[in-house]
1. Can you work out which of the residues in the range A:103-142 that are small (Gly, Ala, Ser) and either touching a helix residue (DSSP H, G or I) at 6+ places or on another chain (Cβ under 9 Å) or within 17 Å of A:VAL46 (Cβ to Cβ) (or both) is farthest from the other protein chains (Cβ to nearest Cβ)?
2. Since A:GLU9 meets every condition but one in (1) of a type in the set (Asp, Glu); (2) in contact (Cβ under 8 Å) with a residue 24 or more places away in the chain; (3) within 14 Å of chain B (Cβ to nearest Cβ), which condition does it not meet?
3. Please pick out the residue among B:GLU84, B:GLU22 that is on the phi < 0 side of the Ramachandran plot, surrounded by fewer than 19 Cβ atoms within 10 Å (Cβ to Cβ), in contact with a Gly (Cβ under 6 Å, 6 or more places away or on another chain) and not polar (S, T, N, Q).
4. Return only the number of the condition from (1) in contact (Cβ under 8 Å) with a residue 40 or more places away in the chain; (2) open to solvent by less than 40 Å² (accessible area, probe 1.4 Å); (3) facing another protein chain (nearest Cβ under 9 Å) that B:MET1 does not satisfy.
5. Would you pick out the residues in the range B:202-229 that are within 26 Å of B:GLY263 (Cβ to Cβ) and in contact (Cβ under 8 Å) with a residue 40 or more places away in the chain?
6. State the number of residues belonging to the range A:29-49 that are touching a strand residue (DSSP E or B) at 6+ places or on another chain (Cβ under 6 Å) and within 13 Å of chain B (Cβ to nearest Cβ).
7. Examine the range B:55-66 for a residue that is assigned to a helix (DSSP H, G or I) and on the phi < 0 side of the Ramachandran plot, and state whether such a residue exists.
8. A:THR18 is checked against (1) assigned to a strand (DSSP E or B); (2) of a type in the set (S, T, N, Q); (3) within 10 Å of another protein chain (Cβ to nearest Cβ) and fails just one. What number does that condition carry?
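The values are calculated or read from the model by the stated rules, or taken from the named source; none is laboratory data. For clarity, every value in this text was computed on a predicted model and none was experimentally measured. In this analysis, Cβ positions are derived from the backbone assuming ideal geometry, glycine residues included, and neighbour counts consider all displayed protein chains. In case anyone asks, the SASA skips ligands and DNA or RNA and just uses the protein heavy atoms, side chains included. Shrake-Rupley method; radii C 1.70, N 1.55, O 1.52, S 1.80 Å.
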Amino acid sequence: MSKHEIALEVNGRPVSATVDPNMSLLELLRTEAGGLEVKLGCGEGVCGTCTVLLDGEPVNSCLTFAVQVDGRAVTTVRGLAAEGELHPLQEAFLTHAGSQCGFCTPGMLLTAKWYLDRHPRADREELRSALSGNFCRCTGYTKILDAIEAYRDARQEVSVVD
Amino acid sequence: MYSAPFEYVRASSWPEAVDLLEGGGEDARVIAGGQSLVPMMMLRLAAPSLLVDVSAAADRSVDLVDAELVLSALVRHADIEHSEVVRGSCPMLTEAVTHIGNVRVRHRGTIGGSLAHGEPTAELATVAVAEGATVTVLGPGGERAIPAGDLFVTHFTTSLEPGEVVTAVRFPVPGGRRGSSFQEIARRAGDFALVEAAATVALDEDDRCLSVRLVVGAVSDRPVDVSQAARPLIGERIGEDAVGEVARAVAAEIEVGPHTHAGREYRRRLVSVLAGRALLTAADRAAGAVHTDHGNGARA
C-alpha cells in the first residue's frame, strides 16, 4: 500500500498526516487529529454516530477514507462552539435531557444543526425524517426532538428581535 | 473496521479514469461517493486492489437539453432531492431518492455509482428502467449508450465491460399529460426495500390512457419491467378496478426471490398493493398535470 500525504482542516485547525489508503476519516480524526468526540458505532454507515460535517455537509466518517478528504474542511461536534463553551443546541439537549449515555449525541447535534441551518422552520415530522439515520438506544427520541425544537424556536425568537 | 489494503489514485477526467482502470487490472474499482462499495469493503465482501477516485473527473451537472434530463454520473442523491430542474422534468427521481439511505448517504452517494453497483434494491435502478433512461459509459473502446433496461444483469452484475465507467445518465422528458409515481416499503426508514413499484402514465385529452409503464424493484435480481401486464389499461380511463386486476396479475406472475426478513407470499402481496398504488397515483397526477413543456407530473 502506498502512503499518501494529506492536509485538511479540522474545526478550523490545519491537520496534516501520512496515511494508508484504507485509513478511515473516523480513525484519522480520533488518532491524528485528537478528535475523540467522534464515535465509532456500526461502521457501516447506518447508525449516524460517526457523523461529521465535510465542507458543511453531513457524512459518515466511517465510510469515508481519509485520503479522500485531502484539502477539505471537517467539523466535529467540538467545532460547534468555542473551547469550554456550549452551543445553544447543546444547552437545549441538557435542558430537555436529550442525552442519556451520550454516545449518539455528537451525530445528533451535528445533523440537527446542519438541517436547521438549511430549514430553519422545519417541523417535528421533517426533523424526524432528517434524523431517521441517527440511532439512539436510550432516549426513545422524544427528548431529542423536544430539545431540537426548543433550539429551533429560540433561534427564531432571536432572529425576530434582530 | 478495516478494509483489505488497496492502492488509491485520483482521476481528473473520465478518459484518465478509463486509463487508470485499464492499468489497474481486473480488481480495480471506481469510487465516487463510496456509500455502497465502502461498506462492502469494510465487511470484506469486496477487496479491490485499486480504487480510482472519480469525484473530481467532472462537474455534478444537471442539464435539460432537447427534451432530455442529462445528469452527470457524479450527481449526488442530495443534488437530485433539491434540484428544481429534476423535480420539474423527472419528478419520479425526486420522489425516489428520499428513500435512499439517510442524509449522510445521500450527500455522498452518486447516481452513476448506484447504477454501476447493480444492487437489486437500488431505487435509482428501478427509476432508470421505468423512465427509460440511457446510461452513457466511456471505456477503452470509446463511448457507448446502454438503455437502463439492458444494464442490469443480476445481483451486483451489470453489462459494463472491464475498464468502462458511467459518465452520465439521460432521462427522456416527454411533454403532455403525464404522471409518475414511485412506491416503496422497507422495514424502517433508509433500510433496503422489500418491494418497490414505479409507474408512469400518459393520458389523452379525454383522460384515456395513451401509454403506461410499470417496473417492480427489489423482488428479483434486477428491476423487472412488467409494462406488458399493464397494457389492458391503454385506451381506457384508469380506475381502481382495472388497476387492481393488473396489479394482481403482476403479483401472481412475477418471480419473487427469497428474503431473510419477509416471506415470499407477503412480498407478493406487497407487489400487488404497491403496483396498484403506483399506477393509480401516476394516473391521478397525469390527470391533474398542467400542460407543460417538461411533462411535470407532480401536483402543486
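1. Kept after step one, since they are small (Gly, Ala, Ser), are these residues of the range A:103-142: A:107, A:112, A:122, A:129-130, A:132-133, A:140.
If we keep only those that are either touching a helix residue (DSSP H, G or I) at 6+ places or on another chain (Cβ under 9 Å) or within 17 Å of A:VAL46 (Cβ to Cβ) (or both) as well, we get A:107, A:112, A:122, A:129-130, A:132-133.
Numbers: A:GLY107: 9, A:ALA112: 11, A:ALA122: 12, A:SER129: 7, A:ALA130: 6, A:SER132: 4, A:GLY133: 2 Å.
Ranking the qualifying residues of the range A:103-142, first place goes to A:ALA122.
2. Of everything listed in (1) of a type in the set (Asp, Glu); (2) in contact (Cβ under 8 Å) with a residue 24 or more places away in the chain; (3) within 14 Å of chain B (Cβ to nearest Cβ), A:GLU9 misses just condition (3).
3. Working: B:GLU84 fails: in contact with a Gly (Cβ under 6 Å, 6 or more places away or on another chain).
Exactly one of B:GLU84, B:GLU22 is on the phi < 0 side of the Ramachandran plot, surrounded by fewer than 19 Cβ atoms within 10 Å (Cβ to Cβ), in contact with a Gly (Cβ under 6 Å, 6 or more places away or on another chain) and not polar (S, T, N, Q), namely B:GLU22.
4. (2)
5. As a first pass, look at the range B:202-229 and keep what is within 26 Å of B:GLY263 (Cβ to Cβ): B:214-226, B:229.
Residues satisfying the conditions are B:LEU214, B:VAL215, B:VAL216, B:GLY217, B:ALA218, B:VAL219, B:SER220, B:ASP221, B:ARG222, B:PRO223, B:ASP225, B:VAL226.
6. Summing the residues that are touching a strand residue (DSSP E or B) at 6+ places or on another chain (Cβ under 6 Å) and within 13 Å of chain B (Cβ to nearest Cβ) in the range A:29-49 gives 1.
7. Step one: list which residues in the range B:55-66 are assigned to a helix (DSSP H, G or I), which gives none.
Scanning the range B:55-66, I find no residue that is assigned to a helix (DSSP H, G or I) and on the phi < 0 side of the Ramachandran plot, so the answer is no.
8. Among (1) assigned to a strand (DSSP E or B); (2) of a type in the set (S, T, N, Q); (3) within 10 Å of another protein chain (Cβ to nearest Cβ), A:THR18 violates only (3).
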